[in-house]
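Trainee: Before we start, here is the structure in question, set down as structure tokens.
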């Protein structure tokens, strides 16, 4: 990554607004457009916006407990180079669990709504997780990464190392549309909650591995579930192993899942994303 790029830390920075809420500046480097296209050819990256929604609730409401669940609705596309204002709200703050929401707006226009659940760990009954040790990184082809003119702009902040991929543009045609990949934020710093929110969405739609000419689509809503608190020793070098899988694609919609594991095979988080396929808009009906 070059110095010319806007830093991820800058993009995740939230500052008190002039009237209410917290402000973030949405930079065009975080577009999902290809690097060979102008940023305005794509939408602002959903993983960054998810991280900002979580950050606005945590920072604005002074929450110290770990994030457990985050659900984001993408209502309208925000504009690059303009301030996005987040207004968080405490729905209920209990001794062990807190429930929050946030609305994001730009120029008075609502762009995002999110809800989150926060809570600390406690001792109790345990069903030990099934460990699924990922393939060692040194066993994979270092050339199996994301790059070239069709890589999305947001991917320039991520290191990728694929297990059997990348399979974009038909690599999984006729077989299960799944992509498995090691990922981390560039720089190799310890994983944070914000980094995890970014990474859980930092790949092209897995349905694009099933088509040589994939359909265009846009995210409608995105949900994250974190299974444990993210600590400095969760992933000291930032690396996690991810699996992205299509659940369905029909009737103008697609739903896919992602899961993240630590290097020792411990399940860390899961996500589910609903996208709407883009095409001709239906005609308005008379009222």
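The values are calculated or read from the model by the stated rules, or taken from the named source; none is laboratory data. The structure displayed is predicted, hence computed values, not measured ones. Positions of Cβ are backbone-derived with ideal geometry, glycine not excepted, and every protein chain shown enters the neighbour counts.
Trainee: Return the residues of the range 49-72 that are surrounded by fewer than 18 Cβ atoms within 10 Å (Cβ to Cβ) and under 15 Å from the mean Cα position of the chain (by Cα); say none if nothing qualifies.
Mentor: Hit for the range 49-72 is 69, nothing else.
Trainee: Assuming residue 186 fulfils every condition listed in (1) farther than 30 Å from residue 252 by Cβ; (2) over 11 Å from the mean Cα position of the chain (by Cα); (3) surrounded by 21 or more Cβ atoms within 10 Å (Cβ to Cβ) apart from one, which condition is it?
Mentor: (3)
Trainee: Only one residue in 33, 11, 76 is loosely packed, with under 15 Cβ neighbours inside 10 Å and either at pLDDT below 95 or more than 30 Å from residue 96 (Cβ to Cβ) (or both). Which one? It would help to see each step written out before you state the result.
Mentor: Numbers: 33 fails: loosely packed, with under 15 Cβ neighbours inside 10 Å; 11 fails: loosely packed, with under 15 Cβ neighbours inside 10 Å.
That would be 76, the only listed residue that is loosely packed, with under 15 Cβ neighbours inside 10 Å and either at pLDDT below 95 or more than 30 Å from residue 96 (Cβ to Cβ) (or both).
Trainee: Suppose the filter is without any contact (Cβ under 8 Å) to a residue 12 or more places away in the chain, in contact with a strand residue (DSSP E or B) (Cβ under 7 Å, 6 or more places away or on another chain) and surrounded by fewer than 16 Cβ atoms within 10 Å (Cβ to Cβ); does residue 96 pass it? Give the derivation first.
Mentor: On the way: without any contact (Cβ under 8 Å) to a residue 12 or more places away in the chain: no; in contact with a strand residue (DSSP E or B) (Cβ under 7 Å, 6 or more places away or on another chain): yes; surrounded by fewer than 16 Cβ atoms within 10 Å (Cβ to Cβ): yes.
Spelling it out, it is not the case that residue 96 is without any contact (Cβ under 8 Å) to a residue 12 or more places away in the chain, in contact with a strand residue (DSSP E or B) (Cβ under 7 Å, 6 or more places away or on another chain) and surrounded by fewer than 16 Cβ atoms within 10 Å (Cβ to Cβ).
Trainee: Separate question: Starting from residues that are in a loop (DSSP other than H, G, I, E, B) and without any contact (Cβ under 8 Å) to a residue 12 or more places away in the chain, keep the ones in the range 14-53 and report whichever is farthest from residue 83 (Cα to Cα).
Mentor: Taking the range 14-53 first, the residues in a loop (DSSP other than H, G, I, E, B) are 14, 17-21, 26-27, 32-33, 35-38, 42-43, 45.
Cutting the leftovers down to without any contact (Cβ under 8 Å) to a residue 12 or more places away in the chain gives us 18-19, 37-38.
Details: 18: 11, 19: 13, 37: 23, 38: 20 Å.
Among those residues, the one meeting the criterion is 37.
Trainee: Looking only at the range 246-273, which residues are touching a strand residue (DSSP E or B) at 6+ places or on another chain (Cβ under 9 Å), under 19 Å from residue 131 (Cβ atoms) and in contact (Cβ under 8 Å) with a residue 24 or more places away in the chain?
Mentor: Matches in the range 246-273: 258, 260, 261, 262, 263, 265, 267, 268, 269, 270.
Okay, residues lined up against (1) over 20 Å from residue 242 (Cβ atoms); (2) modelled with pLDDT under 95:
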{"site": "41", "(1), (2)": "yes, yes"}
{"site": "59", "(1), (2)": "yes, no"}
{"site": "84", "(1), (2)": "yes, no"}
{"site": "120", "(1), (2)": "yes, yes"}
{"site": "140", "(1), (2)": "no, no"}
{"site": "152", "(1), (2)": "no, yes"}
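Trainee: Residue check, residue 42 against (1) over 15 Å from residue 194 (Cβ atoms); (2) out of contact with any helix residue (DSSP H, G or I) (no Cβ under 9 Å at 6 or more places or on another chain), all met but one. Which one?
Mentor: (2)
Conditions (1) surrounded by fewer than 18 Cβ atoms within 10 Å (Cβ to Cβ); (2) modelled with pLDDT under 95; (3) over 23 Å from residue 8 (Cα atoms), marked per residue:
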{"residue": "199", "(1), (2), (3)": "no, no, no"}
{"residue": "233", "(1), (2), (3)": "yes, no, no"}
{"residue": "242", "(1), (2), (3)": "no, no, no"}
{"residue": "246", "(1), (2), (3)": "no, no, yes"}
{"residue": "257", "(1), (2), (3)": "yes, no, yes"}
{"residue": "260", "(1), (2), (3)": "no, no, no"}
{"residue": "272", "(1), (2), (3)": "yes, no, yes"}
{"residue": "277", "(1), (2), (3)": "yes, no, yes"}
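Trainee: Would you confirm, using the coordinates I've provided, whether residue 81 is over 14 Å from the mean Cα position of the chain (by Cα), touching a residue at least 12 places away in the same chain (Cβ under 8 Å), on the phi > 0 side of the Ramachandran plot and outside any strand (DSSP E or B)? Explain how you work it out, then say what you get.
Mentor: Values: over 14 Å from the mean Cα position of the chain (by Cα): yes; touching a residue at least 12 places away in the same chain (Cβ under 8 Å): yes; on the phi > 0 side of the Ramachandran plot: yes; outside any strand (DSSP E or B): yes.
Criteria met by residue 81.
Trainee: Could you check the range 201-231 and list, in sequence order, the residues that are touching a residue at least 60 places away in the same chain (Cβ under 8 Å), closer than 21 Å to residue 43 by Cα and either surrounded by 21 or more Cβ atoms within 10 Å (Cβ to Cβ) or over 14 Å from the mean Cα position of the chain (by Cα) (or both)?
Mentor: Matches in the range 201-231: 201, 202, 205, 215, 216, 217, 219, 222, 224.
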